[in-house]
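First up is the structure itself, then whatever we jot down about it.
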Amino acid sequence: MMEVQATACDIRDRALAGAGAELIERAAGALPCLLRVRERFAAGRPLLGLRIAACLPVTPETANLVLTLSAAGADVALCGASPSSIDDAVAAALVEVHDVRTYAIEGEDAGTHRVHVAAALAHRPDLTMDAGAGLVAMLHRNGGRAVDRVVGGTEAAAAGAARLEAMARAGTLRYPIIAVEGAAADASLAAQALGAAHLARHGGRMRPAVHGLPAEIDRDLGRLSSEEGT
């Protein structure tokens with residue numbers, strides 16, 4: 001098992017935070033569904049007191065998802081889904097402007113990437129969010145109380161969902177996963193946020209398997225899209 005202490009961050013350059021904040025704000029303008037979810041979450045705080053370990057592309061769009069989770073009351077630790085999916089300016093803004101634990105350096109080598117995933121897991125999450133199943137796979141390899149405390153997770157990549165389905169068939173997947181894939185960026189990000197809230201409420205009663213998007217979330221996304229069109 002890789003033992004890593006939870007530290008505040010590991011990013012390339014904090015001085016990039018201003019540029020990253022501008023990128024995040026600009027991206028928000030193209031994410032109306034996610035922003036409506038954020039408004040709702042800020043009022044209801046459905047993730048209050050929960051810890052989330054997220055292994056996702058560190059992009060302006062995903063940063064807006066992280067800010068939505070934070071608005072819901074979650075304490076988020078973020079690492080990059082892959083070395084090529086990281087924007088150093090966005091990572092800096094998440095740390096310096098938004099106080100999000102972030103472990104991501106563009107182009108990081110394989111060893112650093114593993115350390116960063118382990119650092120996100122050292123956050124002792126209640127929920128996981130993944131794009132490729134790398135974080136969930138490491139968590140299951142480590143085992144023990146860390147995986148026992150997780151009530152559920154989301155998976156945003158088709159390849160990751162397939163990997164987790166194989167784990168479920170083998171009987172090694174320990175908690176339920178909601179697969180969120182194939183949607184447009186705004187709807188996918190909104191679905192991931194809504195999926196996390198659904199798992200916070202219902203994950204303890206769901207079987208350890210890969211689940212499709214719950215019908216209530218699908219209906220909610222439809223309403224959000226309709227509101228945007230009016």
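What follows draws every value from the coordinates through simple rules; no lab data is involved. Given the structure is predicted, the values throughout are model-derived calculations rather than measurements. Neighbour counts are summed over all protein chains in view; Cβ atoms, including those assigned to glycine, are modelled from backbone coordinates with ideal geometry.
Points to keep in mind about this one:
- Taking trypsin sites (Lys or Arg not before Pro) across region 142-218, the ones in a DSSP loop with at most 16 further Cβ atoms lying within 10 angstrom of their Cβ are ARG149, ARG174.
- Among ALA92, ALA104, ALA170, the largest mean-square fluctuation in a Gaussian network model of the chain (Cα springs under 10 Å) belongs to ALA170.
- Most tightly packed first, judged by the mean number of other beta-carbon atoms within 10 Å of their residues, the peptides 53-60, 71-78, 83-90 read 53-60, 71-78, 83-90.
- Inter-label distance, nm, simple model (7 Å from Cα along the C-beta direction), ASP99/ARG201: 2.8 nm
- Using θ = phi - 60° and Karplus 6.51 cos²θ - 1.76 cosθ + 1.60, couplings along region 60-77 (whole Hz; Gly, Pro as x): x, 5, 5, 4, 5, 5, 4, 5, 5, 5, 5, 4, 7, x, 6, 9, 10, 10
- Per-residue 3J(HN,Hα) values for region 88-104, derived from phi via the Karplus relation 6.51 cos²θ - 1.76 cosθ + 1.60 with θ = phi - 60°, read 4, 5, 5, 4, 5, 5, 4, 6, 7, 9, 10, 6, 9, 4, 9, 10, 6 Hz in sequence order (x marks Gly and Pro).
- Less than 5 angstrom separates the built amide H of GLU155 from those of ASP130, ILE178, ALA179, VAL180, all sequence-distant by 5 or more or on a different chain.
- Three-way shape label, region 9-229, alpha-carbon gyration tensor, a/c 1.5: oblate
- Max mean-square fluctuation residue, GNM over the chain, Cα-Cα springs under 10 Å, options GLY144, GLY132, GLY160: GLY144
- When shorter helices are ignored and each DSSP H run of at least 4 residues is given -39500 (n - 2.57), the per-residue value for the chain at 222 nm works out to -15500 deg cm²/dmol.
- Here region 66-171 is assigned +1 on the Cβ of each Lys and Arg and -1 on the Cβ of each Asp and Glu. Its dipole about the Cα centre then comes out at about 560 debye.
- Here region 9-229 is treated with +1 on each Lys and Arg Cβ and -1 on each Asp and Glu Cβ, and its dipole about the Cα centre works out to around 1040 debye.
- Table column - 3J(HN,Hα) (Hz), region 127-140, Karplus curve with 6.51, -1.76, 1.60, x for Gly and Pro: 9, 10, 9, 9, 9, x, 6, x, 5, 5, 4, 5, 4, 5
- Residue with peak Gaussian network fluctuation, the chain [Cα springs, cutoff 10 Å], from THR128, THR68, THR172: THR172
- Note on ALA162 and ARG219: their simple-model spin labels are 3.3 nm apart, each label 7 Å out from Cα toward Cβ.
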